[in-house]
Amino acid sequence: MLLRYLLEPKADKEELVMKLKKLESSVSTGRRWFRLGNVVHAMQATQQSIHATDLVPRLCLTLANLNRVVYFVCDTVLWVRSVGLASGINKEKWRMWAARHYYYSLLLSLVRDLYEISLQMEQVTQDRAKREKLTSQDPLGYSVADEETEWLQSFLLLLFRSLRKHPPLLLDTVKNLCDILNPLDQLGIYKSNPGIIGLGGLVSSIAGIITVAWPHLKLKTHTS
């Protein structure tokens with residue numbers, strides 16, 4: 001999508017753009033074959049998330065995975081219509097259902113990410129306070145001035161340190177933020193141009209490849 005968006009304004013690239021559109025359609029059809037298996041995977045992930053030890057991740061991930069199951073089902077129905085197996089299906093209605101449940105799934109995943117980030121920030125603050133107490137320095141909370149700019153700088157620094165210590169959380173958050181751009185646009189909640197959505201998809205794909213190549217960078221859930 002990103003490459004097609006960059007080439008569309010160029011009149012001499014029309015033939016290449018058409019080829020890219022056909023390739024995108026073929027890849028989309030291929031993805032839907034894989035999504036039949038993803039339905040099963042999402043159901044298994046739902047069963048696993050039910051056993052998460054922490055309440056917030058358990059609730060968020062269970063609901064997110066359930067919405068993901070519905071999304072894959074809707075996407076499969078759209079594929080059935082696209083190949084002509086069921087022409088009576090209302091494409092627009094099912095497309096909106098798919099986008100809505102995909103959005104809910106990503107939103108719940110982001111809530112989980114924000115919760116994990118807050119825990120990491122709290123841990124970093126406690127660790128810093130302990131170090132400063134040992135060195136007889138003023139705690140971090142008393143060294144920050146009341147001005148909003150300094151508070152924001154302190155918050156962003158704390159956020160940076162928290163995510164730097166937890167790369168899997170950073171990757172998961174970035175991936176979810178990039179993925180949510182597409183359903184936000186489809187549902188009309190926040191309109192983006194195809195270039196931004198394509199760039200988000202590229203970044204999300206890179207983050208996904210990283211977690212596959214290095215499994216220890218995939219965000220894990222503690223289960224009982």
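Computed values, structure above
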{"quantity": "Pairs from Lys93/Lys191; Lys91/Lys175; Lys165/Lys218 whose Cα-Cα separation, in the structure shown, is over 25 Å", "calculated": "Lys91/Lys175"}
{"quantity": "Of Trp79, Tyr115, Ala99, farthest towards positive along the dipole that unit charges on Lys, Arg, Asp, Glu beta carbons give the stretch 77-128", "calculated": "Trp79"}
{"quantity": "Exposure ranking of Lys91, Lys191 by accessible area [1.4 Å probe, largest first]", "calculated": "Lys191, Lys91"}
{"quantity": "The stretch 184-222 versus the stretch 73-104: alpha-carbon centroid distance in Å", "calculated": "22 Å"}
{"quantity": "Area accessible to solvent at Lys93, 1.4 Å probe radius, in Å²", "calculated": "90 Å²"}
{"quantity": "Largest-first ordering by accessible area, 1.4 Å probe, given options Glu122, Glu132", "calculated": "Glu122, Glu132"}
{"quantity": "For peptides 171-178, 156-163, sequence by mean Cβ density within 10 Å, most packed first", "calculated": "171-178, 156-163"}
{"quantity": "Value of Rg/Rh across the stretch 178-222 [Cα atoms, Kirkwood radius]", "calculated": "1.13"}
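The values are calculated or read from the model by the stated rules, or taken from the named source; none is laboratory data. Because the structure is predicted, anything quoted here is derived from the model rather than measured. Glycine also receives a Cβ, built like all others from the backbone with ideal geometry; neighbour counts cover every protein chain displayed. Just the protein is used for accessible areas: all its heavy atoms, side chains included, with ligands, DNA and RNA removed. Shrake-Rupley method; radii C 1.70, N 1.55, O 1.52, S 1.80 Å.
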